[in-house]
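All remarks here apply to the structure that follows.
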Amino acid sequence: MGSRMMHYCMTTEINKLIYSSKETRIHLGGLAPDLTHPVYAPKSVTHFVQVNSQGKKRTDYELFIQKYKEHFTDSFYVGYLSHLVADQIWYETMYLKLVKSLPENEKQNAIDKGYRDFRRLNKKLLTYYPVSPLEEIPAIDNVKIDGLYTEYLPGIAKQLNDDFNVEQSAMSEPLEIYSLESIQKYIQFSISETIKVLHSHVGIPR
């Protein structure tokens, strides 16, 4: 799915639209579903993944809202929701078209190209989104979400901050599978869809 930097760009814009850029917890929520930690929960749990009878996956963000709707006064849950909405969009617009449709023996190569592109895009996106490393990492000790171990959130925040340290030469490296334009469209669409879902399902005004 999308990279840490992409999710951070999204929560930065959502933070601006809803909270006048005053929240920090929203960013940790936006990273949290991809958290790696010593006690691993399957990503299908942290991403609320449902699989239909044809084997097609869906990130069921409506189930997340249903389970945790009373907690949406906490921006952490808003950030978490934005990640789930964005991952469903990524699955439909990127993964199904660029990876899933490939012959089985070509899929891993495409995935590897995608990860290399993520590194290059980390630098390129900084030209378009006014984001900076997280300086304040608040303790998140009052959040209970299935499969999430919040005590390890500082680790993924550090990984995000490390993403800012890509060498300048990455700016000139060509992308192998994605395009900058398609990623920008993905980020903007994910932001607008998250705002729409928050308005229609949670009652947070636009």
Problem set entry | Single condition SER200 does not satisfy, out of (1) out of contact with any Leu (no Cβ under 9 Å at 6 or more places or on another chain); (2) within 17 Å of MET10 (Cβ to Cβ) | (2)
Exercise. If you go through the range 83-98 one residue at a time, do you hit one that is under 22 Å from GLU151 (Cα atoms), modelled with pLDDT of 95 or more and not aromatic (Phe, Trp, Tyr)?
Worked result: yes
Problem set entry | Residue match in the range 114-135 (condition: surrounded by fewer than 17 Cβ atoms within 10 Å (Cβ to Cβ) and hydrophobic (A, V, I, L, M, F, W, C)) | no
Exercise. Assuming ILE183 fulfils every condition listed in (1) surrounded by fewer than 17 Cβ atoms within 10 Å (Cβ to Cβ); (2) farther than 18 Å from SER75 by Cβ apart from one, which condition is it?
Worked result: (1)
Problem set entry | Matching residues in the range 143-160 - criterion: being free of Cβ contacts under 8 Å to residues at least 60 places away in the same chain and either buried (at least 16 other Cβ atoms within 10 Å of the Cβ) or outside any helix (DSSP H, G or I) (or both) | LYS144
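Of everything in the range 140-167 that's of a type outside the set (A, V, I, L, M, F, W, C) and in contact with a Lys or Arg (Cβ under 7 Å, 6 or more places away or on another chain), which residue is farthest from HIS27 (Cα to Cα)?
Ranking the qualifying residues of the range 140-167, first place goes to ASP163.
The values are calculated or read from the model by the stated rules, or taken from the named source; none is laboratory data. None of the values given here were measured: they were computed from a predicted structure. Backbone-built Cβ (ideal geometry, glycine too); neighbour counts: all protein chains shown.
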